[in-house]
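Heads up: the structure comes next, in structure tokens.
Just so it is clear, none of the values below were taken in a lab; they were calculated from the coordinates. Values in this document were obtained by computation on a predicted structure and should not be read as measured data. Every residue, glycine as well, gets a Cβ built from its backbone with ideal geometry; the counts of neighbours run over all protein chains shown.
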Amino acid sequence: MRFATKAIHAGVEPDPATGAIMTPVYLTSTYAQSAPGQHKGYEYSRSDHPTRAVLERNLASLEGVEYGLAFASGLAAENAVLSLLQPGDHVVATRDLYGGTYRLFERVWAKYGIEFSYADGDDLDALRRAFRPNTKLLWVETPSNPMLSIVDLRAVCELAHAHGALVVVDNTFATPYLQQPFEFGADIVVHSTTKYLGGHSDVVGGALCLRDRGLYEQLKFYQNAAGAVPGPLDCFLVLRGIKTLALRMERHCENARRIAEYLAQHPEVKQVRYPGLPTHPGHELACQQMRDFGGIVTMELHGGVERAMRFLSSTRLFTLAESLGGVESLMCHPATMTHASVPPEERARIGITDALIRLSVGVEDVEDLLEDLEQAIKKSR
């Protein structure tokens, strides 16, 4: 099956009890057993759940692998990956990361003896120098949050595997519709299903996709033991969102490209970053490993942080809010919102200035979005 067909049908069957086309929301915590240990595949909903099982099969199919695991949030999924490590192990991560991931690394896992090093993801030599004999994971975001850096997935997978390390790719920004990390050698793919997969700003969730059965069994054990699983309605909402993922991503990309081109020629815009612009340093690489360039645009106006704040309070359609990937257009101020937990000196090293604005471009009529941005730019003068 091709992608849009998989999104609707993969792992999904009509309900055997009723013939319902939509996967039912099974509101149960436990299941009848005919005798101790004798059950129909389910015994307790933390361990396995029929709605969650459909979502996990569907997600794995979209990434082109056999195994999927759903979690209560993207960070819960990331936390499960880090449970693979032992005290004294080392992780190399690309420097430009979601602020919550950085916080999880430095304020949760570092105190247990896990070591973390950071390097620019688009600098293969810097990544190579960061590896140590005890490096177990290479953690990659591409496109990255919020600077939209593009990492050469094939090259970094070859590098990590040569050092005996696994490669974890956060594919949230691209989604499996735009990018397939396993084709380039990734070992684990992470998603915040809160974002484009759910797509409607009405659910929080996370997921892991894996090709190796041994890794799957370890992480499946952790999923059950730690218990950070999504509820059945959460799973249903993500499944419903995935059915229109291909359609939505096409519109997100189309709108974001138009907005990036508009901002790039605007005299009052200091800089704009979007992988679909030929001026983006990772544009050629993105053309090679992505179907399209995503729905996120970052920008900075002339006039510094004061003007940025005026702009953020002047839009009518772009809503100032955390998160991204919904059908509605959102914007955020990374320095005080998504990346507030990253120290100022590290934000500066990445390029997250106090004037940087991240736009999550929705699926509205793009002319309305352009008009909104224009009036906000004028009002912010």
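Per-residue ellipticity at 222 nm, computed for the chain from helices alone with -39500 (n - 2.57) per DSSP H run of at least four residues, works out to -10500 deg cm²/dmol.
The stretch between Leu233 and Asp123, if pulled fully straight at 0.36 nm per residue, gains 35.4 nm over its current Cα-Cα span. Across the options Ser201, Gln289, Val363, the greatest Cα extent toward the positive end of the charge dipole of the chain (unit charges at beta carbon of Lys, Arg, Asp, Glu) belongs to Ser201.
Cβ crowding within 10 Å ranks Tyr177, Tyr112 as Tyr112, Tyr177, fewest other Cβ atoms first. Nearest 0.05, what FRET efficiency do Thr279 and Arg103 give at R0 = 30 Å with Cβ-Cβ as r? Rounded to the nearest 0.05, the efficiency is 0.40. Rounded to the nearest 20, the Cβ-based charge dipole of region 105-173 about its Cα centre (Lys and Arg +1, Asp and Glu -1) stands at 340 debye.
Rounded to the nearest 10 degrees, the angle from helix 50-63 to the longest Cα principal axis of the chain is 50 degrees.
If R0 is taken as 25 Å, the Cβ-Cβ distance between Gln271 and Leu320 corresponds to a FRET efficiency of 0.80. Modelled this way, with points 7 Å down the Cα-to-C-beta line, the labels at Glu261 and Asp202 are 3.3 nm from one another. Measuring r between the beta carbons of Asn134 and Thr336 and using R0 = 41 Å, the FRET efficiency lands at 0.70. What you get for the chain, charging only the Cβ of Lys and Arg (+1) and of Asp and Glu (-1), is a dipole of about 380 debye around the Cα centre. Of the GluC sites (Glu not before Pro) found in region 250-329, those in coil by DSSP whose Cβ has at most 13 other Cβ atoms within 10 Å are Glu322.
Averaging Cα coordinates gives a centre for region 233-295 and one for region 64-135; these two points are 25 Å apart. Expressed as a rounded percentage, what relative contact order does the chain have, with Cα pairs under 8 Å and six or more residues apart? Relative contact order for the chain comes out at 17 percent. Dipole check for region 246-379: with +1 at the C-beta of Lys and Arg, -1 at the C-beta of Asp and Glu, and the Cα centre as origin, the magnitude is about 260 Debye. To the nearest 10 degrees, how steep is helix 153-162 against the longest Cα principal axis of the chain, on a 0 to 90 scale? The angle comes out near 60 degrees.
Of the residues Ala119, Ile259, Val342, the one whose Cα sits farthest toward the positive end of the charge dipole of the chain, with +1 on the Cβ of Lys and Arg and -1 on the Cβ of Asp and Glu, is Val342. Each Lys or Arg adds one and each Asp or Glu takes one away; over the other residues whose Cβ falls under 10 Å from the Cβ of Gly282, this sums to -2. How far apart, in nanometres, would the label points at His163 and Ile21 be if each is projected 7 angstrom from Cα along the Cα-to-Cβ direction? The two pseudo-label positions are separated by 5.0 nm.
Exposure proxy for Ser45, Ser34, Ser341, Ser360: other Cβ atoms within 10 Å of each Cβ, ordered fewest to most, give Ser34, Ser341, Ser45, Ser360. Extending 7 Å from the Cα toward the beta-carbon at both Glu346 and Glu217 defines two label points whose distance is 3.6 nm.
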